[in-house]
Number of protein chains: 2
Amino acid sequence: MGLVVQKYGGSSVADAEGIKRVAKRIVEAKKNGHQVVVVVSAMGDTTDELIDLAEQVSPMPAGREFDMLLTAGERISMALLAMAIKNLGHEAQSFTGSQAGVITDSVHNKARIIDVTPGRIRTALDEGNIAIVAGFQGVSQDKKDITTLGRGGSDTTAVALAAALDAEVCEIYTDVDGVFTADPRVVKKAKKIDWISFEDMLELAASGSKVLLHRCVEYARRYNIPIHVRSSFSGLQGTWVSNEPTGDKVEQAIISGVAHDTSEAKITVVGVPDKPGEAAAIFRAVADAEINIDMIVQNVSAASTGLTDISFTLPKAEGRKAIDALEKAKTAIGFDSLRYDDQIGKISLVGAGMKTNPGVTADFFRALSDAGVNIELISTSEIRISVVTRADDVNEAVTAVHSAFGLDSDSDEAVVYGGTGR
Amino acid sequence: MGLVVQKYGGSSVADAEGIKRVAKRIVEAKKNGHQVVVVVSAMGDTTDELIDLAEQVSPMPAGREFDMLLTAGERISMALLAMAIKNLGHEAQSFTGSQAGVITDSVHNKARIIDVTPGRIRTALDEGNIAIVAGFQGVSQDKKDITTLGRGGSDTTAVALAAALDAEVCEIYTDVDGVFTADPRVVKKAKKIDWISFEDMLELAASGSKVLLHRCVEYARRYNIPIHVRSSFSGLQGTWVSNEPTGDKVEQAIISGVAHDTSEAKITVVGVPDKPGEAAAIFRAVADAEINIDMIVQNVSAASTGLTDISFTLPKAEGRKAIDALEKAKTAIGFDSLRYDDQIGKISLVGAGMKTNPGVTADFFRALSDAGVNIELISTSEIRISVVTRADDVNEAVTAVHSAFGLDSDSDEAVVYGGTGR
């Protein structure tokens, strides 16, 4: 039996009862002969409460101090978890990100892990301890200041430690049973996925699936660490994310799932002179404001006017900033006006099988059309098709597509394509 | 203008408003040209809430993890305070005890400071920052584990940093105006003391005065760091504690104040054979149970029986443990029975003038007698007289003694003695 890294999110350790339940599960793994490293998030809403406090004392909290503040949350949960384990008669030691050797760059609030030197963790394990590590935090390489990895950073901590310790698996415990073929709150017939490739999981994460963050999956793929996403409230097998299917029966599905995202808005730049360099000027202005954009589409130019429209999508939270940046550059770029639309939704179909199966795209559009959903923008990758629709249409669109591709839990089997290309 | 260390307690930073008020005061000191190091406690009841959580997950929380847990409290307050200061346009950096170089032994929950290496604080100050340091915590020299200094430890952190940084003064900000001649909640006419010597302050602290902890005063005396105890809610001068009186008008009072303590209990060991080694056996049994005792009195032996009684006082919280330890040793020691009495109180008169002024002791007993207060035990040091009375008599006794020694705020002046000896 090798080493396992287990990660428990805030909802799993929301109160003393939760902590005791998690402690039992950890001890179980230890009893089964594993060396166990546990990464834990802050309890329940602790992080939000700390952010609220920060906003009360300062409208723009400084990054270094903000990180110092937030890391208190994991310090509390990890110490309580270690106590609860010791209370069950097993040895446990808790470690801050810094003590665990999680070395990051100096970008406060969203630092990136640049190295993991888990010497103290190794020693603790060798001495028979269960090691509890604070998720979401590290220490900066140059200044030795406390940093945080941004929301969802605990998953990344877990995967990074799993890589550094050469773990068999990184188990991500959460409040759902695994990764589903669609959001079960929207699609009642969504099914738990037994296995999914890193690539498909990356596309799902990028398309609005919230179970695993893109950065964490990326890290796991780079170091080839299998992730097992599962519920901390049940003993069920969850979803395995890895390079190769696990188990005999699991085969790669053509379509992994349908993701949706209603957190984006659309900006249309109206009346852009149709000449070289115009699009570049627009996206330079947006990039200079440090805004990440998602989809882009340029309409066909009307020959009579020589003007065109350019639309793109971006996180709603950055809408104001983007509008301001473009207004400032209006004269230089020379467009007519801006249109802002935050009533949009994005539906994405993800699956590596798309590459070799023709007809997926056509079936996708037909499903949307049959459901009466109008498409506003389209974007594709090798293993994903995404469309933008009205926000009101999203739930119906996801449900329709999920059903059309045979993903519903009462379907006999998924749709099978022959041939290559789509 | 030199360096000042300011310490703010939990009640001063109980909420966002408190933190902002304290931030303003700190900036004031900085504007006045001082280099400022601030030691801060956890917000309001945070520490108690964390202790409560720990008890929910484990009846006997492990020391190392308990310390890891508790130190989260100061991490929150120090980060928020640094943010609030930055919001006022001044540079501030927060440091954990470990980052500030507070090195301790490995006795978790009540570690002692063995060295302070404030290199990062010096650098922060030299770069023009206000340095905010987490009180109450350090890092153990041998294992590099997080430790806490026990209740009231933030005052000790402040004095230790003041010593290591060669500060002009260590300002202890609290929710009262300073050290009083008696507890103002009991004696309405109690006066704020302008200056008090380290020696008298040590006796007051040992006798039940809660404003400063004994350990903190001891540390300040050893390194000769003047302490200024004052309110964080007003701009008033508080009480200076130092070797030499400050200011022209301040002279050493004969009597510094009257302290009282109702946190102790009395155990009487009844029917102890009056022969050598008996007392030693009793106190060995108590000491082996790691109980600190305060006053001891042995009654005159009754010649007819050859038996005597021995009484001693100890913290109520340790009463159960002491009784158990003595019961276990009953046969070996050979006493008849134990009497436990937790309805006692202690009144202490403290003042260096006692050494050179006869009559203080007599006046003290007359004041108690006039107030109809019965004395059960007596203990004295060079600069202190303490008596044990019924708990119900304590308030009346303190008030009577305070008045008899001319300490009341409407007295023209304190009682003056001539001659030497008491």
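The values are calculated or read from the model by the stated rules, or taken from the named source; none is laboratory data. Predicted, not measured: the structure shown is a model, and the values here were computed from it. Counting neighbours? That spans all protein chains shown, and the Cβs are built from the backbone with ideal geometry, glycine included. Quick note on the areas: whole protein, heavy atoms, side chains included, nothing else; ligands and nucleic acids left out. Shrake-Rupley method; radii C 1.70, N 1.55, O 1.52, S 1.80 Å.
Results, tabulated for the structure shown:
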read-out: Residue list for the range B:262-289, filter: in a loop (DSSP other than H, G, I, E, B) and either of a type in the set (Ser, Thr, Tyr) or within 29 Å of the chain's Cα centre (by Cα) (or both); value: B:Thr262, B:Ser263, B:Ala289
read-out: Selection within the range A:13-40 - open to solvent by less than 30 Å² (accessible area, probe 1.4 Å) and within 14 Å of another protein chain (Cβ to nearest Cβ); value: A:Val13, A:Ala16, A:Gly18, A:Ile19, A:Val22, A:Ala23, A:Ile26, A:Val27, A:Val38, A:Val40
read-out: One residue from B:Thr305, B:Thr313, B:Thr331 being modelled with pLDDT under 85 and not small (Gly, Ala, Ser); value: B:Thr305
read-out: Any pair with Cβ under 7 angstrom, 6 or more apart, that starts in the range B:193-219 at a residue that is without any contact (Cβ under 8 Å) to a residue 24 or more places away in the chain and ends at one that is open to solvent by less than 50 Å² (accessible area, probe 1.4 Å) and assigned to a helix (DSSP H, G or I); value: B:Leu202/B:Val217; B:Ala205/B:Val217; B:His214/B:Leu202; B:His214/B:Ala205; B:Glu218/B:Leu202
read-out: Boolean, B:Met78 is within 14 Å of another protein chain (Cβ to nearest Cβ) and crowded, with 24+ Cβ neighbours inside 10 Å; value: yes
read-out: Search result, residues across the range B:123-144 that are surrounded by fewer than 24 Cβ atoms within 10 Å (Cβ to Cβ) and either of a type outside the set (A, V, I, L, M, F, W, C) or assigned to a loop (DSSP other than H, G, I, E, B) (or both); value: B:Thr123, B:Asp126, B:Glu127, B:Gly128, B:Asn129, B:Ser140, B:Gln141, B:Asp142, B:Lys143, B:Lys144
read-out: Hits in the range A:384-422 (condition: in a loop (DSSP other than H, G, I, E, B) and either at pLDDT 95 or above or of a type in the set (Val, Ile, Thr) (or both)); value: A:Val415, A:Val416, A:Thr420
read-out: Any strands (runs of 3 or more DSSP E) falling wholly within the range A:303-363 and containing at least 2 residues that are over 29 Å from the mean Cα position of the chain (by Cα); value: A:307-315, A:337-341
read-out: The range A:263-283, residues that are surrounded by 14 or more Cβ atoms within 10 Å (Cβ to Cβ) and among the basic types (Lys, Arg); value: A:Lys266
read-out: Filtered residues of the range B:364-383 (kept if assigned to a helix (DSSP H, G or I), open to solvent by less than 30 Å² (accessible area, probe 1.4 Å) and without any contact (Cβ under 8 Å) to a residue 40 or more places away in the chain); value: B:Ala367, B:Leu368
read-out: Subset of the range A:53-112 (residues that are small (Gly, Ala, Ser), out of contact with any strand residue (DSSP E or B) (no Cβ under 7 Å at 6 or more places or on another chain) and closer than 18 Å to A:Gly9 by Cβ); value: A:Ala72, A:Gly73, A:Ala84
read-out: Selection within the range B:81-96 - at the interface with chain A (Cβ under 7 Å from one of its Cβ atoms) and surrounded by fewer than 24 Cβ atoms within 10 Å (Cβ to Cβ); value: B:Lys86, B:Asn87
